[in-house]
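Reading through the structure tokens given below for one structure.
Each value in this text was obtained by applying a stated rule to the coordinates, not by laboratory testing. Since we're looking at a predicted model, the values are computed, not measured. Here the Cβ is made from the backbone with ideal geometry for all residues, glycine too, and neighbour counts use every protein chain on show.
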Number of protein chains: 2
Amino acid sequence: MKAFTKMNKDELLTLKKSLEQRYQEFKALDLKLDMSRGKPCGEQLDLSMSILDMKECTIDNIECRNYGGLEGLPSIRRLFAQLLEVDENNVIIGGTSSLTLMYDYIAQAMLFGICGNKPWSKLEKVKFLCPVPGYDRHFAFCEHFGIEMINVPMTDNGPNIKVINELIKDDSVKGMFCVPKYSNPQGITYSDETVKALAALNPAAKDFRIIYDNAYCVHDLDKQGDKLLNIFDELPKNNNEDLVIMVASTSKITFAGSGVSCIIASGNNLDDIKKRLKIQSISQDKMNQLRHFKFFENVENIKAHMQKQAVILKPKFDCVINYLNNELANKEIASWYVPHGGYFISLDIMPGCAKRVGQLCEEAGVVLTTIGATFPYGKDPQDSNIRIAPSYPPIDELSKAANLLCICVQIAAIEKLLNLKNNLISIVFFTNYYYLSFF
Amino acid sequence: MKAFTKMNKDELLTLKKSLEQRYQEFKALDLKLDMSRGKPCGEQLDLSMSILDMKECTIDNIECRNYGGLEGLPSIRRLFAQLLEVDENNVIIGGTSSLTLMYDYIAQAMLFGICGNKPWSKLEKVKFLCPVPGYDRHFAFCEHFGIEMINVPMTDNGPNIKVINELIKDDSVKGMFCVPKYSNPQGITYSDETVKALAALNPAAKDFRIIYDNAYCVHDLDKQGDKLLNIFDELPKNNNEDLVIMVASTSKITFAGSGVSCIIASGNNLDDIKKRLKIQSISQDKMNQLRHFKFFENVENIKAHMQKQAVILKPKFDCVINYLNNELANKEIASWYVPHGGYFISLDIMPGCAKRVGQLCEEAGVVLTTIGATFPYGKDPQDSNIRIAPSYPPIDELSKAANLLCICVQIAAIEKLLNLKNNLISIVFFTNYYYLSFF
């Protein structure tokens, strides 16, 4: 297929007409599809049903039906520690949501400061680095707390370290969000070099923290999966033990919203966190912790369980990627990354076209993640990024949605190109970074 | 029995000797008993075991295993609304802990202010009214957030309203903690007049809030129980809809720490809370909400369930009250209130003796709630109040502990009186308020 940018006006108009016909056919189907959020599908959830068989109430002589055990059951702390290859003493179990763990951590930093440093709310300015594209709920934290966000471009090895090293010279830069494995939305796993460089950061602010959201730590789409270097092994080499606050949860392992979350950090950081935690609660839901421990027992079983999920998810990811390959490859109007895990596919289309694609899709009954949401303040400076969440819809619906999306991406691109031609402006070649991959 | 204060030195010395002998006999038993916290006992927890039979995943077409539903399942919101006699739209379901709901509410007030008012952290001084004796975890909130606590004396109808009305003229007074039914530790239920007066408060601070911790809303020790007037019916009569933030939970109904909590407030207040909540989490544990809804289905079943708990708890309360009656009545060294529900018995002993009693008990292997903990800053100005938590220990152990406690109270009183006599100081008669009750 010829690159759109190399087509003349007539070629574009002809192509547009046929695409618009296909679009109208989809519209006639009266679709109602949702690809907006990273939700597990019913078949994935069904894999965890036997977690509900748990009838026990004690483990290691601990009565799980009663108060107590602020840090969580030793057995589930140990299981998370083994999964994430850290010391169990560096793990504290939270409630059902790692999001809440992050929120509460930042709220504590705002009100009380981190490890004896000045509360962030008492500072004139607090800034966070945000690898982009990224996770909208991280950005929502920053907006909520009045933290200024600074975009850091992602590379295919993780966030641009040079940019980070420059920005952290500013001591009002207090933190950074990372999704180090299968990043949201691109599905990029940080390279060993990136992890080592992050572990070696030397920020001006002593209370700078990397909020390391390991949401997809074991969420591989194939047996090998990506291997993320363990940052907790790297931190001590740089005397940087306190730099990283990691969170994880079983929300996308067992039941979304009814799982078990955890926070992993240095002794100093956990001591700091516990000062708040012991005031905020008596204990978390030990019955749910026990339920999860009994369901898995060990890391091998977690991995086997996730492979069963991969059997469900992989065809969905393949379906979308196939459409992208078949409909968009070599047209110089879109690029994407083929992830080996996680919950999303990130599609970069011709700048200035993403909102139009969102609109076209919505008018045809397909809801995408809000366009712009993958950037701070909901503002994609290029209006180019689209996040696709293939997990939830059944594959026949997903197939339609992906097909429609590809049609809309092409229509929007042609509209843009025709508009440029009409305005007698020379065509700016679409030269965004490109991670086209084929099977 | 003669009042201790009317005994001469010889009489006191003789009595002391026999009490000390009994004390030594207890010490020889090498007891290890804990009456420190309001924890349900195993038999109470056993009553909820069939909650673990729940295998369903949907209700009202809502998939409970997946994300979504920030405010909680409609069915469980409705159940709490019926139980607490409020509109279900005024109920938001939280996680497992009402303590966390209160903490998060105050944290939000500190950082963001309440309903558009100035954040408390930006004010020079924030004060809270604390009915005393009261719940140590409420006081811990205030200390944690740097909120100055002002003691408000309890009467047998609830906190002293005259004192409150005077104190709330100060606009730095931003809130008050209440446990309106079966108050912690006294077990006093606020009278209708008190509830009406609270609903009619006219504080100088527009962002003054009553944190209404309805922890024992359905925790009656006998069939009739105390009847608490519904403050939400009274608030509109005074155009005071936004004054009260109520919390409750099933922690002492089903499994402690694995229950379902809720927050009840006006639309204005809930809108304010939701601004934070939607950033802090995606949804709470709907599976646990469903589990609880299915276990109870309706208010009648909750009440019936609590009556089964009362059958277990009432003899424990009776046991302690009987010891108090038999060992301490008419000696003018102690007073107590006989609660009709809740989790505690509050014992006021001769001023200056509580710490000594705590020490004597501990040395004999019985742990009481930390002496002083029932007052802000852990400082009981009279060193007089002891909180007894009879729920957890088996009744034979509880019996020993209550017996020992009564011996220690008498020893400490005699020590005090002898000390006073030795110092040739005229005896100050113990004239604290008195709620002696008999069966």
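Excluding residue A:233 itself, calculate the net charge of residues whose Cβ lies under 12 Å from the Cβ of residue A:233, where each Lys or Arg counts +1 and each Asp or Glu counts -1. Don't skip to the end; give the middle numbers.
On the way: positive: A:196, A:237; negative: A:85, A:87, A:192, A:234, A:241.
So the environment of residue A:233 carries a net charge of -3.
Across 20 Å bins from the origin, how do the percents of Cα pairs in chain B run, short distances first?
The distribution over chain B is 25, 53, 21, 2, given as percents.
Evaluate the distance, in nm, between pseudo-label points positioned 7 Å from the Cα of residue B:298 and of residue A:85 along their respective Cα→Cβ axes.
5.7 nm
Show me the three semi-axes of the equivalent ellipsoid for the stretch B:346-387, from the C-alpha gyration tensor (sqrt of 5 times each eigenvalue), largest first, rounded to whole Å. Kindly include the intermediate steps, with their values, before the conclusion.
Values: eigenvalues 52, 23, 13 Å².
After diagonalising the Cα gyration tensor, the semi-axes are 16, 11, 8 Å.
Quick one: Debye curve from the C-alpha atoms of the stretch A:261-327, no solvent, what's log10 I(q)/I(0) at q = 0.22 Å⁻¹?
Once normalised to I(0) and log-transformed, intensities are -0.98.
Which net charge results for the neighbourhood of residue A:280, defined as the other residues with beta-carbon distances under 9 angstrom from its beta-carbon, given Lys and Arg at +1 and Asp and Glu at -1? Numbers along the way, then the final one.
Values: positive: A:276, A:278; negative: A:104, B:104.
Summing Lys/Arg as +1 and Asp/Glu as -1 gives 0.
Between 0 and 90 degrees, rounded to the nearest ten: what's the tilt of helix A:98-112 against the longest Cα principal axis of chain A?
70 degrees
If you build a Gaussian network model of chain B, linking Cα atoms that sit under 10 Å apart, which residue out of B:308, B:275, B:286 swings the most?
In the Gaussian network model the winner is B:275.
Springs between alpha-carbon pairs under 10 angstrom, Gaussian network model over chain A: which of A:178, A:115, A:262 fluctuates most?
So, out of A:178, A:115, A:262, the one fluctuating most is A:115.
Residues with amide H under 5 Å of residue A:366's amide H, sequence separation 5 or more or different chain, H placed in the peptide plane at 1.01 Å from N; which?
Amide H neighbours of residue A:366, under 5 Å, 5+ apart: A:33.
Among B:421, B:227, B:294, whose mean-square fluctuation peaks in a Gaussian network model of chain B (Cα, cutoff 10 Å)?
Result for chain B, Cα springs under 10 Å: B:421 fluctuates most.
What do the square roots of 5 times the Cα gyration tensor eigenvalues come to for the stretch A:177-286, in whole Å, largest first, as semi-axes of the equivalent ellipsoid? Let's see the in-between values first.
On the way: eigenvalues 107, 102, 21 Å².
For the stretch A:177-286, the semi-axes come out at 23, 23, 10 Å.
For an R0 of 60 angstrom, estimate the FRET efficiency from the Cβ-Cβ distance between residue B:36 and residue A:27 and round to the nearest 0.05. Numbers along the way, then the final one.
Values: r = 68 Å, r/R0 = 1.13.
According to the calculation, E is roughly 0.35.
Please report the antiparallel percentage of the DSSP beta bridges confined to the stretch A:50-302, to the nearest 5. Spell out each step's value before the answer.
Details: 11 of 29 bridges.
Of all bridge pairs located within the stretch A:50-302, approximately 40 percent are antiparallel.
What's the exposure ranking of B:123, A:405, going from fewest to most Cβ atoms within 10 Å? If you can, show how the numbers build up before the last one.
Numbers: B:123 17, A:405 27.
Listed from fewest to most nearby Cβ atoms, that is B:123, A:405.
Quick one: putting +1 on the C-beta of Lys and Arg, -1 on the C-beta of Asp and Glu, what dipole do you get for the stretch B:56-298 around its Cα centre, in Debye to the nearest 20? Walk me through the numbers on the way to the answer.
Numbers: 26 positive and 31 negative charges, 102 e Å.
Computed about the Cα centre, the dipole is about 500 debye.
Across peptide A:156-165, what mean number of C-beta atoms from other chains lies inside 10 Å of a residue's C-beta? List each step's numbers first, then the result.
Values: counts 0, 0, 0, 0, 0, 0, 0, 0, 0, 0.
Taking the mean over all residues of the peptide, I get 0.
Within a Cβ distance under 12 Å of residue A:22, other residues only, what is the Lys/Arg minus Asp/Glu net charge? Working shown, then result.
Working: positive: A:16, A:17, A:27, A:400; negative: A:20, A:25, A:327.
The answer is +1.
Can you tell me the orientation of helix A:286-296 relative to chain A, as the angle in degrees between its alpha-carbon axis and the longest Cα principal axis, to the nearest 10?
Helix A:286-296 and the main axis of chain A meet at about 70 degrees.
What's the magnitude of the charge dipole for the stretch A:284-355 around its Cα centre, counting Lys and Arg as +1 and Asp and Glu as -1 at the beta-carbon? Answer in Debye, nearest 20. All intermediate terms of the calculation are to be shown ahead of the outcome.
On the way: 9 positive and 7 negative charges, 65 e Å.
Dipole about the Cα centre, nearest 20: 320 debye.
Taking the mean number of other Cβ atoms within 10 Å as a proxy for protection, how do you rank B:379-387, A:160-168 from highest to lowest?
On the way: B:379-387: 20.2, A:160-168: 16.1.
Going from most to least packed, we get B:379-387, A:160-168.
Mind pulling the per residue volume of the convex hull built on the Cα atoms of the stretch A:50-302? Å³ is fine. Don't jump to the answer; show the numbers that get you there.
Details: hull volume 29.8 nm³, N = 253.
Residue-normalised Cα hull volume stands at 118 Å³.
Just counting partner chain Cβ atoms within 10 Å, what average do the residues of peptide B:282-290 show around their Cβ? It would help to have the intermediate numbers written out before the result.
Working: counts 10, 5, 6, 9, 5, 10, 6, 1, 1.
So the per-residue partner count for this stretch is 6.
Would you order B:282, A:395 from fewest to most other beta-carbon atoms within 10 Å of each residue's own beta-carbon? Walk me through the intermediate numbers first.
Numbers: B:282 20, A:395 15.
So the residues, fewest neighbours to most, are A:395, B:282.
Hey, how many Å between the Cα centroid of the stretch B:66-128 and the Cα centroid of the stretch B:186-254?
15 Å
Against the longest alpha carbon principal axis of chain A, how many degrees, from 0 to 90 and to the nearest 10, is the axis of helix A:267-280 turned?
90 degrees
For every helix of n ≥ 4 consecutive DSSP H residues, a contribution of -39,500 (n - 2.57) applies; sum these over the protein assembly as shown, divide by its total residues, and give [θ] at 222 nm rounded to the nearest 500 deg cm²/dmol.
Values: 26 runs with 341 residues, N = 878.
Result for the protein assembly as shown, helices only: -12500 deg cm²/dmol.
Provide a whole-number value for the mean count of partner chain Cβ atoms within 10 Å of the Cβ atoms in peptide A:30-40.
Whole-number average of other-chain Cβ neighbours for A:30-40 is 1.
Size of the dipole of chain B about the Cα centre, Lys and Arg at +1 and Asp and Glu at -1 on the beta carbon, nothing else charged, in debye to 20?
Working: 49 positive and 52 negative charges, 130 e Å.
The calculation lands at about 620 debye.
In nm, to one decimal, how far is the residue A:125 label point from the residue B:14 one, both placed 7 Å along Cα→Cβ?
Calculated label separation equals 8.4 nm.
Of all DSSP beta bridges in chain B, what percent run antiparallel (nearest 5)?
Working: 19 of 40 bridges.
In chain B, DSSP labels about 50 percent of beta bridges as antiparallel.
Looking only at the protein assembly as shown, where both bridge partners belong to it, what percent of the DSSP beta bridges are antiparallel (to the nearest 5)?
Details: 38 of 80 bridges.
Around 50 percent of the beta bridges assigned by DSSP in the protein assembly as shown are antiparallel ones.
I need A:102, A:149, B:49 ordered by Cβ neighbour count within 10 Å, fewest first. Kindly include the intermediate steps, with their values, before the conclusion.
Details: A:102 23, A:149 20, B:49 14.
Final ranking by Cβ density, sparse to dense: B:49, A:149, A:102.
How large is ³J(HN,Hα), in whole Hz, for each residue of the stretch A:183-197 in order, when computed from phi with the Karplus curve 6.51 cos²θ - 1.76 cosθ + 1.60 and θ = phi - 60°, using x for Gly and Pro?
3, 8, x, 7, x, 8, 9, 4, 6, 4, 5, 5, 4, 4, 5
Using only Cα atoms, figure out Rg for the protein assembly as shown and give it as a multiple of 2.2 N^0.38 Å.
On the way: Rg = 31.3 Å, N = 878, 2.2 N^0.38 = 28.9 Å.
For the protein assembly as shown, the normalised Cα radius of gyration comes out at 1.08.
For the charge dipole of the stretch B:270-335, defined by +1 on Lys and Arg C-beta atoms and -1 on Asp and Glu C-beta atoms about the Cα centroid, which residue among B:296, B:307, B:334 has the Cα displaced farthest towards the positive pole?
Of the candidates, B:296 comes out farthest on the positive side.
Over chain B, what relative contact order in percent results from Cα pairs under 8 Å that are six or more residues apart?
Working: 799 pairs, mean separation 112.3, N = 439.
Dividing the mean separation by the residue count of chain B yields 26 percent.
So for the stretch A:50-302, averaging the separation of alpha carbon pairs under 8 Å that are six or more residues apart and normalising by length, what relative contact order in percent results? Spell out each step's value before the answer.
Numbers: 426 pairs, mean separation 70.8, N = 253.
After rounding, I find 28 percent.
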